[in-house]
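Colleague: Here it is, the structure in full.
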Amino acid sequence: MRIAIIGGGLAGLTAAAYLSGNEETAGTVFERSPQLGGRAFTYEKSGFTLNYGAHAVYGIDRHTLHHMEEELNLKFQSKQVDKRKVMYAKHGRLTPAPLDFVNIVKTGVLTPLEKVRFVSEIAAVIGNIHQLKHHRTLGDYLEHSHASADVKELWAHLVCSNFFITPEEARKVPGEVIAEYYHNLFLSQRPVSYILGSWATITGQLVDKIRDNENWEISVKEPVESIVMEDGKFVLNTKTRERLEYDQVVFAMPVQQVVKLLENSPWSAALEPYKECTSTEVLVYDVGFSKVVARPFHYISDMDHKIFISDVSATDYTVAPAHGQLLQGIAYLNDDFTDEEQKKQYLEQKTSQMEALFDTYYPDWRNFVEVKRVSKKAMVASVKNIYTNNLLPNRLAGLPFYFCGDGCTGKGELAERAFSSARNVAQTLLADTVRIKAYSH
């Protein structure tokens, strides 16, 4: 079975790593940019390791990575963010984030009565009898809930920090998605971890696995420009080659790009419901210091301005030089602007709020900046998981392709959905090769 995988990000590399482990397959991973990893691309600068966006892993002990580690024989280490050093700031006051029962007791975000209520709500989610999944959205649930305004705000804020969206958008996340996500997260022994050495540790091993099979190739700087079907085969034309034949095609790229590639094909009508899907974008502010400027906590979330700062190097020592410090600030963004000028002003305001947060907790930080990178519109997920958007299924009626990535159906959010959807697609294709082999004998 010859398989084309379009996209060399986390999903494309995961699918190819599973498929290339089977001698009955051959194929190509096509990546349009010069490097692999997609939005999980990592690079070195002045001794710092910078990621395009966050690389925290939520609930790693219950994560798809856990299966991949065993099935693909991946070797990596992860370190948990110290829950006691995760803080919320509200109206200028600092308080431990209510990530577990100890922190809930300590937190100042809730009154004693609200703490009891919040604990019982979490217990209900864990018991999987929670009403959340019967509500269309979180907002709908909160409207019907008798919880206090602070408990409601906290629910919205928790969803912001796990889904990387604003509180207004958090209220649009389907109730079922939230019930499932938090059921999983609250049962986890390791709620927030970092892979030591960042995503490159994983992507490097996936690439090696694919290259171990001489029937597979990885081609960078080669975007696929068209696909047609002839005599039951897919014929692809790329920027550099023509008439490449495959038995199966897997799309492992943002839904918006799939829509564009198939725009003038007979398949475009089936993608109509996915054309207007919006992506999750954030402002990312990476800054590396020549020394540890301050380490008051490992993570601080400013509830008033909807921004947070992670001291990545406090958890993952590999990302900064021996005496250095790497912080990553992220601002959740609204995307309802009337014009570009309004958007520009909004992004400038967010950047100023971010720098003000640095000023408050890392005084004199400007004197020690070694590397700095600001991405004003970094895509976190190609499809924001809110009720007005549709996640693309791994198979779509009327289309002969497979789909995987963080904009497709799968377990979890963000990177986990890329991994889990790619694993699902690969397992389906591998089951097909077994059937074909049995049939041919």
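The values are calculated or read from the model by the stated rules, or taken from the named source; none is laboratory data. Since the structure is predicted, the reported quantities are computational estimates derived from the model, not experimental observations. Note that we place each Cβ from the backbone using ideal geometry, even for glycine, and neighbour counts take in every protein chain shown. The area values use the complete protein model at the heavy-atom level, side chains included, leaving out ligands, DNA and RNA. Shrake-Rupley method; radii C 1.70, N 1.55, O 1.52, S 1.80 Å.
Colleague: Is one or more of the residues making up the stretch 392-410 among the basic types (Lys, Arg), on the phi < 0 side of the Ramachandran plot and assigned to a loop (DSSP other than H, G, I, E, B)?
Modeller: Yes - at least one qualifying residue is present in the stretch 392-410.
Colleague: Here's another thing I want to ask about it. Could you please give the count of residues in the stretch 373-412 that are more than 29 Å from Lys350 (Cβ to Cβ) and touching a Gly at 6+ places or on another chain (Cβ under 7 Å)?
Modeller: Here the count works out to 1.
Colleague: Scan the stretch 255-273 for residues that are outside any helix (DSSP H, G or I) and in contact (Cβ under 8 Å) with a residue 60 or more places away in the chain and jot them down. Quick ask: steps written out before the conclusion?
Modeller: Applying the first criterion (outside any helix (DSSP H, G or I)) to the stretch 255-273 yields 262-267.
Matches in the stretch 255-273: Trp267 only.
Colleague: Does the stretch 130-138 contain any residue that is closer than 25 Å to Phe308 by Cα, not assigned by the TED database to the domain that holds Tyr299 and not polar (S, T, N, Q)? First the steps, then the outcome.
Modeller: Narrowing the stretch 130-138 to residues closer than 25 Å to Phe308 by Cα: 137-138.
Next, only the ones that are not assigned by the TED database to the domain that holds Tyr299 stay: 137-138.
Restricting the remaining residues to those that are not polar (S, T, N, Q) gives 138.
Yes, there is a match, as at least one residue in the stretch 130-138 is closer than 25 Å to Phe308 by Cα, not assigned by the TED database to the domain that holds Tyr299 and not polar (S, T, N, Q).
Colleague: Looking only at the stretch 182-234, which residues are open to solvent by 30 Å² or more (accessible area, probe 1.4 Å) and polar (S, T, N, Q)?
Modeller: Within the stretch 182-234, Asn184, Gln189, Thr201, Gln205, Asn215, Ser226 qualify.
Colleague: From (1) more than 30 Å from Ser265 (Cβ to Cβ); (2) open to solvent by 10 Å² or more (accessible area, probe 1.4 Å); (3) at pLDDT 95 or above, pick out the condition that doesn't hold for Asn389.
Modeller: (1)
Colleague: Looking for whichever is open to solvent by 10 Å² or more (accessible area, probe 1.4 Å), part of a strand (DSSP E or B), out of contact with any helix residue (DSSP H, G or I) (no Cβ under 8 Å at 6 or more places or on another chain) and at pLDDT below 95 here; the options are Glu276, Glu281, Glu245. Which one fits? Working first, answer last.
Modeller: On the way: Glu276 fails: part of a strand (DSSP E or B); Glu245 fails: at pLDDT below 95.
After applying the criteria, what remains is Glu281.
Colleague: Being open to solvent by 90 Å² or more (accessible area, probe 1.4 Å) and in a loop (DSSP other than H, G, I, E, B) is the filter; apply it to the stretch 71-91 and report the residue that is farthest from Ser188 (Cα to Cα).
Modeller: The qualifying residue farthest from Ser188 (Cα to Cα) is His91.
Colleague: Open to solvent by 50 Å² or more (accessible area, probe 1.4 Å) and modelled with pLDDT of 90 or more: does that describe His66? Walk me through how you get there before you give the answer.
Modeller: On the way: open to solvent by 50 Å² or more (accessible area, probe 1.4 Å): yes; modelled with pLDDT of 90 or more: yes.
So His66 fits the description; yes.
Colleague: Let me ask you something else. Give me a count of the residues in the stretch 274-323 that are out of contact with any Phe, Trp or Tyr (no Cβ under 6 Å at 6 or more places or on another chain), in contact (Cβ under 8 Å) with a residue 12 or more places away in the chain and not charged (D, E, K, R).
Modeller: So the answer is 25.
Colleague: Another question, if that's okay. So, restricting to strands (runs of 3 or more DSSP E) that lie completely within the stretch 10-69, which ones have at least 1 residues that are outside the structural domain of Glu416 (by the TED database) and over 26 Å from Gln427 (Cβ atoms)?
Modeller: Numbers: elements: 26-30, 42-45, 48-51, 56-58.
Once the strands (runs of 3 or more DSSP E) in the stretch 10-69 are filtered for at least 1 residues that are outside the structural domain of Glu416 (by the TED database) and over 26 Å from Gln427 (Cβ atoms), what remains is 42-45, 48-51, 56-58.
Colleague: Go through the stretch 417-441 and give me each residue that's at pLDDT 95 or above and not polar (S, T, N, Q). Steps first, answer last, please.
Modeller: The initial filter retains those residues of the stretch 417-441 that are at pLDDT 95 or above, namely 417-430.
Correct list: Arg417, Ala418, Phe419, Ala422, Arg423, Val425, Ala426, Leu429, Leu430.
Colleague: Please go through (1) in contact with a Gly (Cβ under 9 Å, 6 or more places away or on another chain); (2) assigned to a loop (DSSP other than H, G, I, E, B); (3) closer than 20 Å to Asp406 by Cβ for Lys291 and return the number of the only condition it doesn't satisfy.
Modeller: (3)
Colleague: In the stretch 294-312, what residues are closer than 19 Å to Thr49 by Cβ and either assigned to a strand (DSSP E or B) or in the same structural domain as Ile165 (by the TED database) (or both)?
Modeller: Residues of the stretch 294-312 that are closer than 19 Å to Thr49 by Cβ, as a first pass: 295, 298-299, 309-312.
Answer for the stretch 294-312, where residues must be closer than 19 Å to Thr49 by Cβ and either assigned to a strand (DSSP E or B) or in the same structural domain as Ile165 (by the TED database) (or both): Tyr299, Ile309, Ser310, Asp311.
Colleague: Just give me the residues in the stretch 358-378 being without any contact (Cβ under 8 Å) to a residue 60 or more places away in the chain and buried (at least 17 other Cβ atoms within 10 Å of the Cβ), in sequence order. Please lay out each step first, then the result.
Modeller: Residues of the stretch 358-378 without any contact (Cβ under 8 Å) to a residue 60 or more places away in the chain: 359-360, 366-367.
Residues satisfying the conditions do not exist here.
Colleague: Output the residues belonging to the stretch 284-302 that are touching an Asp or Glu at 6+ places or on another chain (Cβ under 9 Å) and either surrounded by 20 or more Cβ atoms within 10 Å (Cβ to Cβ) or of a type in the set (Phe, Trp, Tyr) (or both).
Modeller: Those that are touching an Asp or Glu at 6+ places or on another chain (Cβ under 9 Å) and either surrounded by 20 or more Cβ atoms within 10 Å (Cβ to Cβ) or of a type in the set (Phe, Trp, Tyr) (or both): Tyr285, Val287, Gly288, Phe289, Val293, Phe297, His298, Tyr299, Ile300.
Colleague: Would you pick out the residues in the stretch 140-181 that are at pLDDT 85 or above and among the aromatic types (Phe, Trp, Tyr)?
Modeller: Tyr141, Phe163, Phe164, Tyr181
Colleague: Quick check on Ser290: is it within 25 Å of Asn162 (Cβ to Cβ) and in contact with a strand residue (DSSP E or B) (Cβ under 7 Å, 6 or more places away or on another chain)? So that I can check it myself, show each step before the final result.
Modeller: Values: within 25 Å of Asn162 (Cβ to Cβ): no; in contact with a strand residue (DSSP E or B) (Cβ under 7 Å, 6 or more places away or on another chain): yes.
Against the criterion (within 25 Å of Asn162 (Cβ to Cβ) and in contact with a strand residue (DSSP E or B) (Cβ under 7 Å, 6 or more places away or on another chain)), Ser290 does not qualify.
Colleague: Next question. Given (1) open to solvent by less than 10 Å² (accessible area, probe 1.4 Å); (2) closer than 30 Å to Leu19 by Cβ, where does Asp406 come up short, assuming only one miss?
Modeller: The failed condition is (1).
Colleague: Here's another thing I want to ask about it. I need the full set of residues from the stretch 37-83 which are among the charged types (D, E, K, R) and within 13 Å of the chain's Cα centre (by Cα), in order please. Outline the logic, then answer.
Modeller: The first filter runs over the stretch 37-83 and keeps only residues among the charged types (D, E, K, R), leaving 39, 44-45, 61-62, 69-71, 75, 79, 82-83.
Scanning the stretch 37-83 gives a single hit, Arg39.
Colleague: For the stretch 165-181, how many residues meet the condition of being open to solvent by less than 10 Å² (accessible area, probe 1.4 Å) and under 15 Å from the mean Cα position of the chain (by Cα)?
Modeller: 1
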